[in-house]
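Student: Quick one: the structure is below, and I'll ask about it shortly.
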Amino acid sequence: VSSKVDDMPHEVEKAGQLNKTKIAEGGRKLRKNWNSSWVVLAGNSLVFYKDPKVHNPSGWKPSHSKPESSVDLRGAILEWARDMSSKKNVIHLRMVTGNEFLLQSDNESIIYEWHQSLRKVLQRLEDE
Ligand code: I3S
């Protein structure tokens, strides 16, 4: 029974379109490259897909496609990014691996919801 449960996909906590850039890899600073991404928060992971609206406007399904990348949120640090971008509504995420991302939306309530969901997941992982 337990293996069956383990094989089940994690519950999706949140999914949506955000602007994303990686700013560090293993602690080494990277040049920003903002892209629109389909982001899925599920289990311990944040998973990034190509944004269907940008890459294929005609009904491409992120859930049936291979993720571009995913990160393990355990031990990650979540902050509002201040002085890290000229954009507004920017979340800064630093993983234990030293990989860092900025996530942004022009819509203030959308980014607040993401911040809240990420905070909730990080809190749960801390309590585990
Ligand atoms: O923090 P930076 O380096 O000023 O970030 C900006 C640059 O990455 C810029 O690209 P290039 O200077 O590599 O051409 C991007 O177009 C901007 O979007 C970056 O700044 P923002 O403030 O948008 O995060």
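Student: Taking Glu68, is it away from the ligand (no atom under 16 Å from the Cβ), modelled with pLDDT under 95 and under 29 Å from Asp127 (Cβ atoms)?
Tutor: No; evaluated as a whole, the condition is false for this residue.
Student: Further question: When only residues in the range 31-50 that are within 12 Å of the chain's Cα centre (by Cα) and within 16 Å of the ligand (Cβ to nearest atom) count, which is least open to solvent (accessible area, probe 1.4 Å)?
Tutor: Ser37
Student: Between Arg74, Arg82, Arg94, which is open to solvent by 60 Å² or more (accessible area, probe 1.4 Å), touching a helix residue (DSSP H, G or I) at 6+ places or on another chain (Cβ under 6 Å) and of a type outside the set (Ser, Thr, Tyr)? Show your work before the answer.
Tutor: Working: Arg82 fails: touching a helix residue (DSSP H, G or I) at 6+ places or on another chain (Cβ under 6 Å); Arg94 fails: touching a helix residue (DSSP H, G or I) at 6+ places or on another chain (Cβ under 6 Å).
Arg74 is the lone residue from the list that is open to solvent by 60 Å² or more (accessible area, probe 1.4 Å), touching a helix residue (DSSP H, G or I) at 6+ places or on another chain (Cβ under 6 Å) and of a type outside the set (Ser, Thr, Tyr).
Student: Shifting gears a bit: Since Gln17 meets every condition but one in (1) at pLDDT below 90; (2) of a type outside the set (A, V, I, L, M); (3) over 27 Å from Glu126 (Cβ atoms), which condition does it not meet?
Tutor: Single failed check for Gln17: (1).
Student: Out of the range 107-127, which residues are under 19 Å from Ile23 (Cβ atoms) and either within 16 Å of the ligand (Cβ to nearest atom) or of a type in the set (Phe, Trp, Tyr) (or both)?
Tutor: Residues satisfying the conditions are Ile111, Trp114.
The values are calculated or read from the model by the stated rules, or taken from the named source; none is laboratory data. The shown structure was predicted, so the numbers you read here are calculated from the model rather than taken from an experiment. Neighbour counts are summed over all protein chains in view; Cβ atoms, including those assigned to glycine, are modelled from backbone coordinates with ideal geometry. Ligands, DNA and RNA are stripped out before the accessible areas are found, and what is left, the full protein with its side chains, is counted by its heavy atoms. Shrake-Rupley method; radii C 1.70, N 1.55, O 1.52, S 1.80 Å.
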